């Protein structure tokens, strides 16, 4: 049977869910916001920093992230999001970027959110 653990690392949530769940060697990080930043680059950076905190709390590191999903309020800001995304992973010495899906959505759950990012990481053998 797979051991399931929940981690929060002090990141805020907008509802009744776990910010991070580790099931065996897989870490699932719920969608993270980058508030209170007001632009998409700042929110992308903040969301990724929250993901980093959660992955580390669950025993992993940024280099263990294998899949990212980015939900954007305005796909026209994709290039700005992408610059912040690339910079974050480069600063964390990631050699192979995670697989990624980027989706434009009509709205996000908290006022002022421009981006929400979730992640999956794999640790151990």
- prompt: For residue 47, are the conditions met, namely being surrounded by 22 or more Cβ atoms within 10 Å (Cβ to Cβ) and either at pLDDT 95 or above or more than 27 Å from residue 107 (Cα to Cα) (or both)?
  reply: yes
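So, residue 37, is that one touching a helix residue (DSSP H, G or I) at 6+ places or on another chain (Cβ under 6 Å), buried (at least 18 other Cβ atoms within 10 Å of the Cβ) and assigned to a strand (DSSP E or B) or not? Outline the logic, then answer.
Details: touching a helix residue (DSSP H, G or I) at 6+ places or on another chain (Cβ under 6 Å): yes; buried (at least 18 other Cβ atoms within 10 Å of the Cβ): yes; assigned to a strand (DSSP E or B): no.
Considered against the rule, which asks whether it is touching a helix residue (DSSP H, G or I) at 6+ places or on another chain (Cβ under 6 Å), buried (at least 18 other Cβ atoms within 10 Å of the Cβ) and assigned to a strand (DSSP E or B), residue 37 comes out as no.
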- request: Quick one: count up the residues across the range 62-86 that are closer than 16 Å to residue 39 by Cα and touching a residue at least 24 places away in the same chain (Cβ under 8 Å).
  value: 13
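Run down 117, 103 and say which single residue is surrounded by 13 or more Cβ atoms within 10 Å (Cβ to Cβ) and under 23 Å from residue 19 (Cα atoms).
Details: 103 fails: surrounded by 13 or more Cβ atoms within 10 Å (Cβ to Cβ).
From the options 117, 103, the qualifying one is 117.
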- prompt: Does any residue in the range 13-26 that is at negative phi and surrounded by fewer than 16 Cβ atoms within 10 Å (Cβ to Cβ) come within less than 6 Å, Cβ to Cβ, of a residue that is part of a strand (DSSP E or B) and modelled with pLDDT of 95 or more six or more places away or on a different chain, and which pairs are these?
  reply: 17/30; 25/122
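The values are calculated or read from the model by the stated rules, or taken from the named source; none is laboratory data. Predicted model, so just to flag it, every value in this text is computed and none were measured. Cβ coordinates were reconstructed from backbone atoms using ideal geometry, including for glycine residues, and neighbour counts include every protein chain displayed.
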